[in-house]
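The values are calculated or read from the model by the stated rules, or taken from the named source; none is laboratory data. Keep in mind that what you see is a predicted model, and the values were worked out from it rather than measured. Because the Cβ atoms are built from the backbone with ideal geometry, glycine has one as well, and the counts that use them run over all protein chains shown. With ligands, DNA and RNA removed, areas are computed over all heavy atoms of the protein, side chains included. Shrake-Rupley method; radii C 1.70, N 1.55, O 1.52, S 1.80 Å.
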Amino acid sequence: MDEQYLQMFFDESDEYIQVLNENILALEQDPDDKDVINSIFRAAHSLKGMAATMGFDRLTSLTHKLENALDKIRNDELKLDTEMIDSLFAGLDLITSIVNDIKDSGEELTEVQDYVDELNEMIASHSGEVAVDSVISNTDNADVSVANDVVLDLSNDEKEEILDNKGETDYIYGVLVELEEDSMLKSVRAYMVLKTAAEVGYIVKSSPTRDEIENEDDDNIGREIKFVLISHLAAEELENELFDIIDVQDVKIDNVELDFSEVKKNKAEKSSSSKKSKSSSNKTNVEVSPTVRVDISKLDTLMNMVGELLINKTRLEGLKLEHDTYNDIIGQLDRVTMELHHVVMQIRMVPIGGIFNRFPRMIRDLSKELDKEVDLIIEGAETELDRSIIDELADPLVHLLRNAVDHGIEQKDVRKEKDKPVEGKILLKAYQKGSEILIEVEDDGKGLDGDKLAEKAIEKGITTREDVENMDEREKLHFVFAPGFSTTEEVSDVSGRGVGMDVVKSVVESLDGQIMIESEKDIGTRFTISLPLTLAITQALMVKIDDEIFAIPLNAISETLTITPDRLKQVRGQDVIVLRDKTIPIKEAARQLNLDVEYGKYKELDEIPVVIVKTGERLVGLVIDELLNQQEIVIKSLGKYLLNVEHISGATIVGDGDVALILDVRNIA
Amino acid sequence: MEAVTVDEKENVVRDDYLNDGMHDNTGNKDQFVVFQLGSEEYGVNISQAKEIIKPKNITNVPNTPEHVLGVINLRGQIVPVVDMKKRFSIELDADTETDSSRIITVEVNDALIGIKVDGVNEVVWLDQDKLEPAPEVAGGVRQEYLIGIGKIEDRLLVLVDLNKILFEDTDEIKN
Amino acid sequence: MAKKVLVVDDASFMRMMIKNILQGTDYQVVAEAGNGREAVDMYSEHNPDLVTMDITMPDMDGIQAVKKILEIDPGANVIMCSAMGQQAMVIDAVEAGAKDFIVKPFKEDRVIGAIKKVFNE
């Protein structure tokens, strides 16, 4: 099948699978929620339609079976207990599996017959009826055939819609309009066809839909427009109206006969149903928002171009020409580039909820497996992140969450003994703070013991007892991130081998972020990941070190200050200062960078410029030669050849065209 | 054979060798950019060479090997610069920056890198089939890093494999 | 009786093309305009039977002009002249009340065909 359609099929399938996942979960919580059932039904129905269009028979038949079951459920013919829900989930997993098969190999490989048999049994046992494969009457879709060429399925919902909108003297037509082959701007013609039809009747459904016409590329709109129309016009009159439109080559109109008795019965049953239907205001029904799919590479190009624009704007400003209109122009340029930057940044921003939404299901499955009770609370799913960051975060977050369930939350009886609620809580929270995004994974489990971790680290040779003596609790906790800390014996099958905490840390750092731990025995543990808001453009402090200009990203800086030499104290041979009750080690930037200068000369100055930076678990004061200014910089990669230079994360181009290196302060001390 | 010079804009010119009416279509010919380090002449395949620029402000990058001089800004792109003499550890008047020093930007292994040389002489055509095998060491460079030796009249060009030279470990390259 | 036509396009070359196509037909070009604002002025002044309207123009685009003209005269006949790739804007124009559209580059028979349809001929 055409590559382009395949990709669209995958994108949309993934979305529907997601909707199904969330909604079945919601259904588990409240089996009576009709809106949720309907959402599930619609999603399955849409999936079936897509699968059928693409020719994936197994998927079509599977979704069809599920659709039937769902229809029974929403007509209150099927009991919804845990078994049934599990069965729905199993069906969903099969759907996911088949879609993945197609993604990987282009073929449907997963066997579905066993499941279908089970599902049939399940239906039989849960409803007292004999489940029949070919379903009759009201679960059948009315096939509207138009001139025997075209078939438009009508779902029960749509049949109800017709019922609601059809007057006594109205006809129901299935219409096929064919445009001339060389017709230009087909989407506009299609629009005019639908517009004309809507003027003389009520369009129940159409293909393409009005939305598709307005949003799709003109190339994707074909020559055929099909729709189901309720109209008072006689067929001949309708035909004339449509032929009046330019470029219409052919019009075929069919009468539609529907069996309305069943539809009416369903309606009556539903409205007299005593079960309450929850309001759908704040439910997990995921609305597929009106969006435009954009190639990520196009966004990247756009980003680069904005970056270039910004650089040149800065260079232009640096010229400081003496001319009246010069300042005006610079001012305008400034405003426009800032706005452009802002907009492009927003386009690249995507709500983190996208990767969060798989977690409830994961936690549910995991806690069942481990026989623990866990409540996952998600906050801040709407927080937006640059899209390139989001993809990378998924695996680390999965690992942290699984860890929390596996190692954090205690068994039910243990929790009871500790006087804790039997249900453990895991809080997954994302929020923006200043120019950073923070993501927290917090559990109320057994907590981490810094001393125990330190002991283990000493055993494994990662550190020595002397070093440990100088460490505070936070630094000891950081041992979990040391490579080689968790061995395969300790990593249970649940948390997974190979994705250790050290990998989590390195992924976070590769995104220019930091990860911190806080923990208290028996109270709980919290991991906090902080990420810079954007990857490519950031605010930085420009400093001079050994006559070269360096940029330190603002999100790594705690504060800047100048100190006098007498404030320098010594603790075990290390220069420190005391800043508002905190002892902060002082290091010479030039020395940390192995630059070829004489070290220690700063002590002879009257005033020493210092930048206090955050290096993961603690603050360090870096002595530099000169504090220059704060400005926005465009982060440029050092390129493939210089991929791993210590303490340097990239470069930026400064006003005069020179290169300034960007310092990576995380491990600088 | 007719050698083609580098044009005024210092762009490496691929000459229309086969269509200039002066040469025939025999042999397996390729163009090479000839550069100078000290008194030796070297050549790199023209397909790898992008442009030739006069040395500009190089920003030193800490924690890099000695032969990496730093990076430059090439129309908005950050390009690392490698001092070829230091790479080959040629002990000839190291660090002489003369008027003829140049940086040749090359594309190797999907990376854009600048190599600093004492001078760029010309672009020549060499017949691949007529190259001489490289001796164990030539021009201060060991055999594994060489494609071969090209002969033009009485000149010997040491043809280097940039991929290996730039991307394999340092210490083994030099003599 | 000949029908009066107002041709609107910011490129004089395009206006000339339409004029040439309509030469010798029952549709007579009585006025031209180079932007949306002029188009509205010309419409009030000449009261044409038909307007051919380009979409992208400076100083008020075609869609705005269509809206304004329909305010003055709800029965106005406007045919949009669009380029490939402007479908969203043409849809907007049709939604605003334009009767039809033709796509550049113009084919004589299509232009005349569209105009005839508008007058139901």
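Multiplying the sequence separation of residue A:301 and residue A:581 by 0.36 nm and subtracting their Cα-Cα distance, what value in nm do you get? Intermediate values should be presented prior to the final figure.
Details: separation 280, 0.36 × 280 = 100.80 nm, distance 4.76 nm.
My answer for the length gained is 96.0 nm.
GNM on chain C, C-alpha springs below 10 Å: top fluctuator among C:102, C:63, C:91?
Maximum fluctuation in the GNM of chain C, among the listed residues, is at C:91.
Using a 1.4 angstrom probe and counting only protein chains, how large is the accessible area of residue A:567 in Å², to 10?
Only protein atoms counted, so the area is about 80 Å².
Skipping prolines and chain starts, which residues have an amide H placed within reach, meaning under 5 Å, of the one on residue A:379, given they are 5 or more residues away or on another chain?
A:428, A:429, A:430
Once the Cβ-Cβ distance between residue B:54 and residue A:165 is put in as r, and R0 is 60 Å, what FRET efficiency do you end up with, to the nearest 0.05? Spell out each step's value before the answer.
On the way: r = 77 Å, r/R0 = 1.29.
Between residue B:54 and residue A:165 the formula returns 0.20.
Which cross-chain or sequence-distant (5 or more) residues have an amide H under 5 Å from the amide H of residue A:632, H modelled 1.01 Å from N in plane?
Placed amide hydrogens put A:540 under 5 Å from residue A:632.
Accessible area of the stretch A:296-351 with a 1.4 Å probe: how many percent of it is carbon plus sulfur?
On the way: 2280 of 3760 Å².
So the carbon and sulfur contribution to the accessible surface is 60 percent.
For residue A:424, what residues show an amide H to amide H distance below 5 Å, using hydrogens built from the backbone and excluding near sequence neighbours?
Amide H to amide H, under 5 Å and 5 or more residues apart or across chains, residue A:424 pairs with A:373, A:374, A:375.
Just to verify a number: FRET efficiency for residue B:163 and residue A:392, C-beta to C-beta distance, R0 = 35 Å, to 0.05?
Working: r = 30 Å, r/R0 = 0.86.
E between residue B:163 and residue A:392, to the nearest 0.05, is 0.70.
Cα atoms only, the stretch A:537-663: Rg and Dmax in Å?
Final numbers for Rg and Dmax: 14.8, 45 Å.
Cα to Cα, under 18 Å, and not fewer than 8 places away if on the same chain: which lysines meet these conditions relative to residue A:569?
The reachable lysines, counting only those whose Cα sits under 18 Å from residue A:569, are A:582, A:587, A:601, A:603.
Over 22 Å between Cα atoms: which of A:298/A:636; B:86/B:151; A:452/A:505; B:86/B:164; A:65/A:372; A:166/A:205 fall into that group? Show your work: numbers first, answer last.
Numbers: A:298/A:636 18 Å; B:86/B:151 25 Å; A:452/A:505 20 Å; B:86/B:164 16 Å; A:65/A:372 33 Å; A:166/A:205 14 Å.
The answer is B:86/B:151; A:65/A:372.
Rank A:323, A:407, A:45 by accessible area, highest first, at a 1.4 Å probe radius?
Numbers: A:323 115, A:407 75, A:45 40 Å².
Most to least solvent-accessible, the answer reads A:323, A:407, A:45.
Over the stretch A:353-532, what is the relative contact order in whole percent, taking alpha-carbon pairs under 8 Å and six or more residues apart? It would help to have the intermediate numbers written out before the result.
Values: 285 pairs, mean separation 43.6, N = 180.
Worked out over the stretch A:353-532, it gives 24 percent.
Over both sides of the C-A contact, add up the buried accessible area with a 1.4 Å probe and give it to the nearest 100 Å². Write down the numbers at each step before the final one.
On the way: alone 6450 and 34890 Å², together 39780 Å².
Summing both chains' loss of accessible area gives about 1600 Å².
Provide A:337, A:301, B:64 ordered by accessible surface of protein heavy atoms (probe 1.4 Å), highest first. Write out the running numbers ahead of the final one.
Working: A:337 5, A:301 75, B:64 35 Å².
Descending accessible area places them as A:301, B:64, A:337.
Let me understand the stretch C:3-118 better: what is its radius of gyration from the alpha carbons, and its Dmax, in angstrom?
12.4, 34
I'd like the Kirkwood hydrodynamic radius of the stretch A:3-127, using the inverse of the mean 1/r over distinct C-alpha pairs, in Å. If you can, show how the numbers build up before the last one.
Details: mean 1/r = 0.0690 Å⁻¹.
After inverting the pairwise mean of 1/r, the radius is 14.5 Å.
B plus A alone minus the pair: what accessible area, both sides summed, probe 1.4 Å, in Å² to 100?
Working: alone 9440 and 34890 Å², together 42480 Å².
Its buried surface, counting both partners, is about 1800 Å².
For a quick check, take a GNM of chain C with Cα springs below 10 Å and name the residue from C:65, C:98, C:83 with the largest mean-square fluctuation.
Maximum among the listed residues: C:83.
Kindly write out, for the stretch C:60-73 in residue order, the coupling ³J(HN,Hα) from the Karplus curve 6.51 cos²θ - 1.76 cosθ + 1.60 (θ = phi - 60°), rounded to whole Hz, with x marking Gly and Pro.
Calculated HN-Hα couplings, in order: 5, 7, x, 5, 4, 4, 4, 4, 5, 5, 5, 5, 5, 9 Hz.
At a 1.4 Å probe radius, which order do A:474, A:402, A:74 fall into by accessible area, largest first? Spell out each step's value before the answer.
On the way: A:474 105, A:402 70, A:74 10 Å².
The ordering from most to least exposed comes out as A:474, A:402, A:74.
FRET efficiency for residue A:14 and residue C:13, Cβ-Cβ distance as r, R0 = 60 Å, nearest 0.05? Present the calculation step by step, with values, prior to reporting the outcome.
On the way: r = 49 Å, r/R0 = 0.82.
Efficiency at R0 = 60 Å is approximately 0.75.
With springs only between Cα atoms under 10 Å, which of C:31, C:88, C:39 fluctuates most in a Gaussian network model of chain C?
Residue with maximal mean-square fluctuation among C:31, C:88, C:39: C:88.
Would you mind computing, in nm to one decimal, how far apart the modelled labels at residue A:100 and residue A:369 are, each placed 7 Å from Cα along Cα→Cβ?
1.2
May I ask you to list the lysines whose Cα is less than 20 Å away from that of residue A:368, ignoring any residue fewer than eight positions away on the same chain?
A:412, A:416, A:420, A:425, A:446
Please give the contour-minus-distance gain from residue A:325 to residue A:180: 0.36 nm per residue of separation, less the Cα-Cα distance, rounded to one decimal in nm.
46.6 nm
Can you list the residues in the stretch A:598-640 whose accessible area drops by at least 40 Å² when all protein chains are present, compared with the chain alone? Use a 1.4 Å probe, heavy atoms only.
Listed by number, the residues meeting the 40 Å² cut-off are A:638, A:640.
Can you give the three extents of the C-alpha atoms in the stretch A:296-351 along their principal axes, from longest to shortest, in whole Å?
Projected onto its principal axes, the Cα set of the stretch A:296-351 covers 44, 15, 13 Å.
Report, ordered by chain and residue number, the lysines lying within cross-link reach of residue C:117, taken as a straight Cα distance under 19 Å and ignoring same-chain residues fewer than 8 apart.
Those lysines meeting the cut-off are A:186, A:195, C:3, C:4, C:19, C:99, C:104, C:107.
Excluding ligands and nucleic acids, what accessible area in Å² is computed for residue A:105 using a 1.4 Å probe, to the nearest 10?
Surface open to solvent at residue A:105 totals about 60 Å².
Once the Cα atoms of the stretch A:353-532 are picked out, what are the Rg and Dmax in Å?
In Å, with Rg to one decimal and Dmax whole: 16.2, 46.
What's the extension gain from residue A:29 to residue A:207 if we count 0.36 nm per residue and subtract their Cα-Cα distance?
60.5 nm
Can you tell me, using C-alpha contacts under 8 Å and at least 6 residues apart, the relative contact order of chain C as a whole percent? Don't skip to the answer; put the middle values down first.
Details: 208 pairs, mean separation 26.1, N = 121.
Contact order relative to length: 22 percent.
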